[in-house]
Amino acid sequence: MDEASGICSENVLEESFDSCIWAGGQSTTTFRKNMIGDTEGCAIMLAEYAKVTVEENSIGGKHVNGLQAGDYADCIVKNNTITKSSGSGMVLHDHSTGFFTSNQIIGSSLAGVGIRDHSEPVFSLNSISEGLGSGLVLLGNGCGVIERNRIFKNRCAGIGLKGFSQALFESNVVSANEGYGIWLQDDSSGSFQNNSIEGNGKAGFAVSHRAHPHVYGNSIVGGKQIGILLQNDATGDFENNKISSNRTTNVLLLGRCKGVFIKNHVSDSAGGGVLFRGDSKCILKRNMIEGNNRANVAVLDRSQPFLEENVIQGGNGRGIVVTGNSAGEYVGNIVRMHHLAGVYVGGNAEPKMVCNIVADSGASGVVVEDHARGCFSDNSMIGNASAAVAVQGYASPKMERNVVLHNGRGGIWLGEKASGVFDGNYVEESKSGWRIGHEVTAKVLQIPKNASKCYSADEFQDRIIQAIKGCTSCIHSEKIVLVENPGGSCAIPALGTSVAENWPAVSVQNVAG
């Protein structure tokens, strides 16, 4: 009733043909410690500017929605238990607001909590679990503040956003949901800060269609498949997140997505670190990408990413793989300590790689093969176990002003039928500094005679350490000292017969080997 007040407490309410509790008209009643059983409608219905308090009630039995609030209701709802709703545990619609805290919502058939139609609640310290749908869903223009909730073991997503919904999500634990941990679709957005997203079935954080979240300081770990997934035309800003130990890959970027990733730590996936597919054009800056079991970064299909000042290190496969018809720009990255090649370029790929350091690979530093092309300039290859640069197949790169301190088996090696242009490269003096196979059509040009001394190998390593500490590279512009390029072809055995490592073509299924 209009402006009703008072306390309704410790009642058993059931067998209603509508709602067991209905409040509206600016009512300020408190409903406390009631037991609500079977009803044909919603257990509690709040409407028409209601300002009631609903606390410590137990809602079970047969009902549609456990609590439904709409029409500008502004209520306090705390310490209630809602179980096995045939609809949703809580539904907010039509500009409803309020404060919802310390409620337990268990086993709903639809969403545990649904927020829609310009509703703007604060949800804090609630537990939403074991639903047959998603845990918490925002639809239409739903918004609000969602903080310090536990959302777990729901059959679909832990948190889902659709339409133009947006909200602040902070310090929630989203875990062990069978679908996605957090899933944004349509034109939804929102700010996601300091959430713990663990052990979800598909992706920990998924962004589809035109959604564009800001994702900062979250932990996205231990997923059964993917850590972060962007697809379709998704965008978004991802900064200072920990993305680790997700089984299939830590970050998967599909379609025409254009996300920006800055200062994230991407590590320890059994599958791979960051995988680009489709026509993705994402930006990665100053990230630490390390210890992933296959490729730390793999760029496939027609992807054209921009990678700048990332530290990419310590993988069991390759550092950066660029293949298919992909391209992109790779500037000022440090790629070091990989079991296989530091950088592999194959297929018909055509990347632009400038001012990178490729160091301490267990095989070759940079491998270019198949029909790959691309421009490689002002890079430094240091201490790689096989060749610093190996070009084979029908590859035709342009390599200029690169520095090679190989400290290993070789400098720049051109296999049979290799092509391309090699101009002004500086190669540490040794008998294996250059190897040029039969039928090589590459154009190899002289460097200037007055090349000046600069750094030693130890000084290069010092610069790498400085870069890793700040997760930003400090690439030099000076040159190292050394021998000029050979004047032409030498009768040295072809690459395939002189190098123990065999670099297989990289397929979609094997992006790390």
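Quick notes on this one:
- Picking from residues in region 75-132 that are among the aliphatic types (A, V, I, L, M) and assigned to a loop (DSSP other than H, G, I, E, B), the one that is farthest from residue 5 (Cα to Cα) is 132.
- Matching residues, region 343-387, being outside any strand (DSSP E or B), among the charged types (D, E, K, R) and under 27 Å from the mean Cα position of the chain (by Cα): 350, 360
- Residues (more than 20 Å from the chain's Cα centre (by Cα) and either acidic (Asp, Glu) or within 18 Å of residue 356 (Cβ to Cβ) (or both)) located in region 314-326: 323
- Residues of region 232-250 include at least one that is among the basic types (Lys, Arg) and farther than 24 Å from residue 148 by Cα.
- Of the strands (runs of 3 or more DSSP E) entirely within region 1-63, those holding at least 1 residues that are surrounded by 20 or more Cβ atoms within 10 Å (Cβ to Cβ) occupy 21-23, 30-32, 44-46, 53-55.
- From the list 109, 85, the lone residue that is touching a strand residue (DSSP E or B) at 6+ places or on another chain (Cβ under 9 Å) and among the hydroxyl-bearing types (Ser, Thr, Tyr) is 85.
- Condition check for residue 88: under 17 Å from residue 163 (Cβ atoms), of a type in the set (Gly, Ala, Ser) and touching a Pro at 6+ places or on another chain (Cβ under 8 Å): no
- Residue match in region 206-220 (condition: open to solvent by 10 Å² or more (accessible area, probe 1.4 Å), at pLDDT 95 or above and small (Gly, Ala, Ser)): yes
- Test: residue 249 is crowded, with 24+ Cβ neighbours inside 10 Å and of a type in the set (Ser, Thr, Tyr): yes
- Some residue of region 325-342 being open to solvent by less than 10 Å² (accessible area, probe 1.4 Å), outside any loop (DSSP other than H, G, I, E, B), of a type in the set (A, V, I, L, M, F, W, C) and farther than 18 Å from residue 403 by Cβ: no
- Note on region 155-184: residues that are open to solvent by less than 30 Å² (accessible area, probe 1.4 Å), under 13 Å from residue 126 (Cβ atoms) and in a loop (DSSP other than H, G, I, E, B) total 2.
- When residue 385 is tested against (1) closer than 18 Å to residue 443 by Cβ; (2) modelled with pLDDT under 90; (3) open to solvent by 10 Å² or more (accessible area, probe 1.4 Å), only condition (1) is not met.
- Of all residues in region 392-449, those satisfying the criterion of being modelled with pLDDT of 90 or more, open to solvent by less than 80 Å² (accessible area, probe 1.4 Å), assigned to a loop (DSSP other than H, G, I, E, B) and not small (Gly, Ala, Ser) are 392, 397, 402.
- Flag for residue 302 being basic (Lys, Arg), under 23 Å from residue 397 (Cβ atoms), touching a residue at least 12 places away in the same chain (Cβ under 8 Å) and surrounded by 23 or more Cβ atoms within 10 Å (Cβ to Cβ): no
- Looking across region 277-293, just one residue is open to solvent by 10 Å² or more (accessible area, probe 1.4 Å), closer than 23 Å to residue 196 by Cβ and in a loop (DSSP other than H, G, I, E, B), and that is 291.
- Condition met for residue 142 (over 21 Å from residue 49 (Cβ atoms) and out of contact with any Cys (no Cβ under 6 Å at 6 or more places or on another chain)): no
- Residues within region 112-158 that are in contact with a strand residue (DSSP E or B) (Cβ under 9 Å, 6 or more places away or on another chain) and over 22 Å from residue 211 (Cα atoms), tallied: 17
- Single condition residue 303 does not satisfy, out of (1) over 17 Å from the mean Cα position of the chain (by Cα); (2) more than 23 Å from residue 240 (Cα to Cα): (1)
The values are calculated or read from the model by the stated rules, or taken from the named source; none is laboratory data. Since we're looking at a predicted model, the values are computed, not measured. Note that each Cβ is placed from the backbone with ideal geometry, even for glycine, and that neighbours are counted across all protein chains shown. Just so you know, the surface numbers come from the protein's heavy atoms only, side chains and all, with ligands and any DNA or RNA stripped out. Shrake-Rupley method; radii C 1.70, N 1.55, O 1.52, S 1.80 Å.
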